[in-house]
Every structure is written in C-alpha cells, then in structure tokens.
Amino acid sequence: MHDLFAAPRITAEHRPDGTIVLRSAEELAAHEVTVLASLRRWAAADPGHPLAAERPPGGGPWQLLSYGEAAAAALAAGQGLLELGLGPGRPLLVLSGNSADHLVISLAAMTAGIPVAPVSAAYSLQSRDHARIRQIAALITPGAVFARDAAPFAPALAALDGIPVITGGPAGAGPARAGPAGAAVTLAGLAARSPGPEVRAAYAAIEPGTVAKILFTSGSTGAPKGVLNTHGMLAANQQMIRQGWPFLAAERPVIVDWLPWSHTFGGNHNVNLVIASGGTLYIDGGRPAPGLFGQSRVNLAEVGPTIHFNVPAGYAQLIPALETDPQFARQFFARLRLAFNAGAALPAALRQRLADVALATTGRPVPVTTSWGLTETAPAVTAAYDAGDPASVGVPLPGAEVKLIPVPDGYEIRARGPNVTPGYFGRPDLTAAAFDEEGFYRTGDAVRLLASGDPRHGVAFRGRLAEDFKLLTGTFVHVGAVRTGLLSAIPLLADAVIAGEGRSCPGALAWLNAAEARAVQGRDPAAGGPVVTDPELLTRLAGALAAYRPDSGSAGRVDRLLIMSTPADLDRGEITDKGYLNQRQVLALRADLVELLYADPPGPGVVVRGVPPEPGFA
C-alpha cells in the first residue's frame with residue numbers, strides 16, 4: 001500500500017436476490033459543519049498564506065489572494081449581499097468562469113446563508129438563444145447575477161432582464177445594472193461593507209442541511225435539474241477524502257486547475273479540498289482546447305503542482321507534451337505526489353504512458369488514481385486508494401455505502417451517506433423518484449466487480465445504464481467501455497458516440513482531434529458537408545479499425561466508423577451542463593448519419609472493419 005493512501009477496510013453484505021451492499025468499516029470522523037469553518041480556521045492560523053492565485057487579463061505575474069483576505073472579503077461582501085435582498089430563497093446566480101472574484105463572491109454568499117448557483121459559462125458565451133439561462137433563472141428566481149466582466153456576458157444578462165447585476169473588479173470597471181438602491185453594484189463595493197450582525201447571525205445559523213450550492217445537470221433529458229448541495233454534504237465529503245488520503249493532513253496541497261466550478265469536480269472536489277487542507281489553488285486560464293493548452297503548460301511548469309487533477313481530454317494533451325519535452329516533464333513532476341483522473345474513464349494506453357513518463361523523469365512511480373461520484377454526491381463516493389487496476393474506481397470511502405443491484409453483465413450502483421443530496425430544487429417529483437425504499441440514491445451508473453470477483457476489492461465503472469443497448473442478436477453493448485476502448489485504440493479521435501441499437505454490430509459517429517481536423521482541411525473532397533471523406537484519413541482509419549480487437553468480443557468493438565465535420569451543438573442539448581456529450585441526444589438529432597453509417601453498401605466516409613474504402617474515396 002502506498003503511503004499516500006489509507007488501507008481500506010470494507011464489509012460486504014450479500015442478499016438473497018444477488019444484491020451486494022458495500023460499506024467502509026472505517027467510521028467517518030467528526031468534522032466541521034461547513035467548509036467555511038476550514039477557511040476561517042486557516043485564516044486565523046496563517047492569514048498570509050495564499051488561498052488562490054490568478055494571472056491578470058493579458059498575462060503577467062500571479063496575483064495572490066490570501067486566506068485572511070478571502071475570509072474578510074467573504075464576511076463583508078456577505079453583508080452586502082444580504083443588504084441587496086438575497087437570502088436562502090433568493091440565490092446568487094453566477095455566469096462567469098473561474099476567477100478569484102468568483103471564489104470570493106461564492107464564499108460571501110455561502111457565509112451569508114445564500115445558495116450559489118454557478119452555471120457553465122458556455123451557456124452565456126456560446127449559446128445563441130440563452131434558453132438554458134432563462135430556464136434556470138425561472139426555476140430558482142435569483143436575487144442577483146454575477147458576471148466578473150459584464151461586456152462579454154451582455155447578451156446573457158439581457159436575457160435576464162430585471163435581475164440586479166454584480167460585476168467584478170474595482171468600482172466602475174464595467175457596466176452593471178442598478179441594484180435596489182439605484183447604484184451600480186460591484187464586488188469591490190460589496191467587499192467594502194462593514195460586516196454587521198446580519199451576516200454574523202446568518203453564518204452562525206448554518207446547519208448541515210443549509211443549502212450551499214445549486215448545481216445544474218441535465219443528463220439525457222436536456223432539461224436543467226438543480227441539485228441541492230448542502231453545507232453538510234460538502235464538509236462530510238472532504239472528511240471522507242481526507243481519511244482516504246491521509247497525506248493531506250501533513251501536506252498543504254498546491255494545484256493548478258482549469259476545471260470549471262459550475263461542475264462538481266472542479267467546484268466541489270478540488271476547491272473544497274484546497275480550502276479544507278489549507279492549500280493553494282492556481283487558477284489556470286488555459287484548458288485542453290485549441291489555442292488554450294499552451295497557457296496550461298506554462299502554468300504547470302512554473303508552479304509545479306503537488307496533485308494534478310484532470311479529465312481524459314486534458315491528459316490526452318498533457319502526456320505528449322511531457323513525453324517530448326524533458327524539461328517540462330521535470331518541472332511538472334518535481335513535487336507531484338499523485339495524478340488524478342475523473343469525469344470519464346482514462347484509456348488504459350494513456351494511463352500507462354503517464355506512468356512511464358513519470359518513472360522515466362523521476363526514477364520513482366507517480367500513482368495515477370481516480371474515484372467515482374456524481375453531482376448528487378458532492379462528489380466522491382468511492383476511491384481507488386492504491387491506484388492499482390486501471391479500470392478500478394475503488395471502494396466506498398468512510399461514511400459511504402453503495403448498493404449493487406444485479407443487471408446484465410454487472411450491477412447498477414446506488415449510493416447512500418452524508419455526502420448525498422437531499423434532492424432537486426423545486427422538483428419534489430424528481431426527488432421522490434431519485435431514491436429507493438432504503439434511501440439509496442439511484443445513480444443510473446453501472447459497474448462490474450473486478451477480476452478477483454471479491455466485492456471488497458472494488459468495482460470498475462462500466463457506463464450509464466441509459467446509454468447501454470442491445471444488438472439485433474440480443475447481446476448487450478456497454479457504451480462506456482466501448483467508447484473508452486475506441487478512443488484509446490485510435491488516438492486521432494477526439495470523441496465519439498456509440499450507435500447500433502437493434503443493428504447487427506456497434507458503430508460510432510466520431511470527431512477528429514484538433515490536429516487531425518486541421519490536417520484534413522483542404523484535402524477533403526466533400527469539404528463543407530456533414531461527413532469527412534478525406535481519402536488519406538479513411539485509409540488510416542481503416543487500418544486502425546482493423547487492428548482494434550478488444551478482448552470483449554464483437555459487442556465490445558466498433559465495426560463501423562464515420563467522422564462528423566460539424567461539432568456537437570450546445571443549444572440543441574448535444575452537450576450537457578457538465579460539458580460532456582449527451583449520447584442519446586446526438587444520436588437522435590443525427591439520425592440521418594446513423595442511417596448512413598449502417599447503409600449497405602457503405603457510402604462515402606463510412607469505414608467498415610475488413611472492407612476497403614470505396615474507390616474514389618481512398
């Protein structure tokens with residue numbers, strides 16, 4: 001067992017119907033009611049230690065926000081928000097992305113007992129009709145909306161007419177709608193208030209059941225659901241993580257992170273982990289997107305994180321950079337204790353490459369680990385403590401229970417514990433349906449037992465039950481595993497959705513990664529159409545598809561492949577609030593391409609396993 005991780009002790013209850021309930025034998029230790037108490041404790045003990053750092057617009061040296069400054073600003077601005085009329089029933093809606101101002105105003109709202117509702121900046125900056133923003137505002141009736149810089153968010157703010165706007169930066173830094181008193185509202189102005197008895201009483205009244213955040217998720221339905229995240233959930237989850245990762249008690253973490261705070265991974269798991277452990281968060285203005293990863297690379301090299309959090313798309317860009325630039329690798333790994341992946345399964349090939357470059361650079365293994373959870377679970381439920389089997393998402397953390405319900409080729413996994421949501425904002429119907437008769441949350445995720453077959457050794461994530469389907473033969477296709485295998489086997493693909501329900505074999509509609517897409521431009525005889533037909537690309541894909549032979553047999557491999565030229569559409573629901581592909585929605589909206597994928601004989605752009613591309617197209 002690596003010294004980073006606790007030794008898990010798990011009990012397994014086997015029921016006559018095949019259900020298995022897994023629990024940690026480790027009791028959840030006593031902990032604070034709210035993560036805000038950790039902020040105040042660190043501010044009192046070491047007020048000058050940096051909590052967060054960010055670069056100014058346009059670049060430049062890091063600007064630091066200390067624990068003392070953050071705690072004082074949160075109390076003062078919390079008083080200001082109460083004076084604006086916000087409260088438990090009038091949340092704060094946040095449109096803009098990660099920033100020190102976003103962090104301060106969120107801490108201020110929670111200090112004053114005001115729920116924070118951060119939404120994906122994409123719904124303001126990339127959406128054409130802002131329907132999602134209007135839906136969310138109609139559901140929660142916010143008392144104010146925050147946008148650090150009002151200018152780029154002007155169309156979204158116009159869609160929220162009538163709601164007071166708060167901007168970041170100094171007074172007069174940008175246009176802001178008047179508040180109730182008729183004056184423009186800025187965060188600087190709010191933070192200049194003198195904390196009064198109102199905000200102190202509101203903080204003192206925080207209980208485990210007090211709502212801290214409303215996080216939005218849509219899943220396969222497309223309609224936003226406001227997940228209630230209570231102070232008790234968030235605080236309990238951090239205690240669960242600390243008991244799984246005991247090194248956090250002795251080492252104040254340093255992370256460089258781009259993951260959006262509108263999502264539970266970045267906004268709950270990572271931000272709260274830093275606060276609870278007295279660490280420092282360097283807010284990364286880059287991300288794994290065209291033209292932006294270079295900024296992440298500079299930040300990672302300059303800071304040298306102790307823990308690295310990312311998603312597979314991020315590792316797909318990071319790992320080649322580490323492999324080809326030894327100096328960058330030395331800077332990145334200089335004090336790295338572990339690498340963590342979540343959001344989707346990390347392809348085994350990527351995981352092995354990361355482990356290899358770490359060992360080659362440092363002479364020691366750097367663990368690559370993961371966990372499993374959801375927006376509704378704050379988020380961590382299980383942890384792969386020992387970073388062993390690459391498919392493992394581990395075993396329950398202290399205080400958590402999981403119930404495994406038998407389904408074809410695996411189990412549905414359900415969760416119960418102090419980190420689980422009490423329900424959905426304003427939707428008692430959804431709340432009632434979300435829990436079973438024993439109070440376990442129905443996650444909709446599927447898992448399988450690891451090769452040992454002993455549930456105490458943990459489970460492997462197998463995908464979303466709603467995405468799985470049957471072939472014409474009656475064989476189940478587990479979409480999550482097939483998609484991960486395909487993307488691992490063919491690195492030139494950026495993402496894919498898996499088709500084949502009621503067909504003879506699985507197929508995929510896919511997108512090229514940015515480098516390949518640029519290379520194809522100008523070569524494709526059908527440029528401008530919905531399908532990529534570049535002859536050179538199709539030949540390469542045919543070879544890659546022929547070489548891709550997973551151990552799981554015909555139901556675990558893709559036999560037909562088509563490359564799409566048009567990206568997933570945010571407004572049409574092809575991308576969820578978490579920024580992930582909505583498998584069902586993509587297939588429904590692109591049904592014509594699914595028909596083309598399965599046409600016989602295969603048409604232009606369709607690659608079929610074992611069939612050479614049509615003459616004239618390859």
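The values are calculated or read from the model by the stated rules, or taken from the named source; none is laboratory data. Keep in mind the model is a prediction, meaning the values are calculated, not measured. Here Cβ is always computed from backbone atoms with ideal geometry, including for glycine, and neighbour counts include all displayed protein chains. In case anyone asks, the SASA skips ligands and DNA or RNA and just uses the protein heavy atoms, side chains included. Shrake-Rupley method; radii C 1.70, N 1.55, O 1.52, S 1.80 Å.
Under 17 Å between alpha carbons, and skipping anything fewer than 8 positions from Lys403 in its own chain: which aspartates and glutamates qualify?
Once the sequence-local aspartates and glutamates are set aside, what remains near Lys403 is Glu13, Asp17, Glu376, Glu412, Asp436, Glu437, Glu438, Asp445, Asp454.
Can you give me the long-range amide H partners of Gly500? Hydrogens built in the peptide plane at 1.01 Å from N, cutoff under 5 Å, separation of 5 or more residues or another chain.
Gly507
Along Cα→Cβ, 7 Å out, is where each label goes; now give me the distance between the ones at Ala158 and Glu323 in nm to one decimal.
The answer from the label model is 4.7 nm.
Which of the trypsin sites (Lys or Arg not before Pro) across the stretch 321-388 are loop residues per DSSP, with 16 or fewer other Cβ within 10 Å? Spell out each step's value before the answer.
Values: sites: Arg330, Arg335, Arg337, Arg351, Arg353; in loops: Arg335, Arg337.
Answer by residue number: Arg335.
How high is the relative contact order of the chain, in percent, with contacts defined as C-alpha pairs under 8 Å that are six or more residues apart? Numbers along the way, then the final one.
Values: 1328 pairs, mean separation 75.1, N = 618.
Relative contact order comes out at 12 percent.
So, counting K/R as plus one and D/E as minus one, what does the shell of residues with Cβ under 12 Å around Arg297 add up to? Could the numbers behind the result be given before it?
Values: positive: Arg287; negative: Asp284, Glu302, Asp325.
Cβ neighbours under 12 Å give a net charge of -2.
Using θ = phi - 60° and the Karplus curve 6.51 cos²θ - 1.76 cosθ + 1.60, what whole-Hz ³J(HN,Hα) does each residue of the stretch 502-514 get, with Gly and Pro shown as x?
Each residue's phi maps through the Karplus curve to give x, 9, 8, 7, x, x, 9, 9, 10, 10, 7, 5, 4 Hz.
Determine the shape class of the stretch 90-173: with a ≥ b ≥ c the square roots of the Cα gyration tensor eigenvalues, call it rounded for a/c under 1.5, and otherwise prolate if a/b is greater than b/c, oblate otherwise. The partial results should precede the final answer.
Working: a/c = 1.65, a/b = 1.19, b/c = 1.38.
It is oblate, given that a/c is not under 1.5 and a/b is not larger than b/c.
Per the Kirkwood treatment, what hydrodynamic radius in Å, one decimal, follows for the chain from the mean inverse distance over all distinct Cα pairs? Don't jump to the answer; show the numbers that get you there.
Working: mean 1/r = 0.0395 Å⁻¹.
Result for the chain, one decimal place: 25.3 Å.
Taking amide hydrogens as modeled 1.01 Å from N in the peptide plane, which residues meet the under 5 Å criterion relative to Leu338, leaving out close sequence neighbours?
Close amide H contacts, sequence-distant or interchain: His308.
If you average the C-alpha positions of the stretch 232-308 and of the stretch 353-404 separately, how far apart do those two centres end up, in angstrom?
That distance is 15 Å.
Report the charge-dipole magnitude of the chain in Debye, nearest 20, computed about the Cα centre from +1 at each Lys and Arg Cβ and -1 at each Asp and Glu Cβ. Don't skip to the answer; put the middle values down first.
Numbers: 49 positive and 53 negative charges, 84 e Å.
Once rounded to the nearest 20, the dipole reads 400 debye.
Run the simple label-point estimate for Thr19 and Ala205 please: 7 Å along Cα→C-beta, distance reported in nm.
In this crude spin-label approximation the distance works out to 3.9 nm.
Can you check what the net charge comes to around Leu39, using other residues whose Cβ is under 13 Å from the Cβ of Leu39 (Lys, Arg +1; Asp, Glu -1)?
Once all neighbours under 13 Å are counted, the net charge is -1.
Which FRET efficiency, nearest 0.05, do His49 and Arg572 yield, Cβ-Cβ r, R0 51 Å? It would help to have the intermediate numbers written out before the result.
Details: r = 46 Å, r/R0 = 0.89.
The computed FRET efficiency comes out at 0.65.
With a 1.4 Å probe and every protein chain kept in, tell me what percent of the accessible surface of the chain is carbon plus sulfur.
Numbers: 13250 of 23500 Å².
Carbon and sulfur atoms account for 56 percent of the accessible area of the chain.
With the crude spin-label approximation of a point 7 Å out along Cα→Cβ, what separation in nm comes out for Ala515 versus Arg330?
Here the modelled spin labels are 2.4 nm apart.
Considering all alpha-carbon pairs of the stretch 51-100, what whole percent are spaced by more than 16 angstrom?
Numbers: 699 of 1225 pairs.
Across the stretch 51-100, Cα pairs with separations above 16 Å total 57 percent.
Taking a probe of 1.4 Å, how large is the accessible area per residue of the chain, in Å²?
Details: 23500 Å² over 618 residues.
Here the residues of the chain average 38 Å² of exposed surface.
Can you give the % of DSSP beta bridges in the chain that are antiparallel, to the nearest 5?
On the way: 61 of 90 bridges.
Roughly 70 percent of the beta bridges in the chain run antiparallel, per DSSP.
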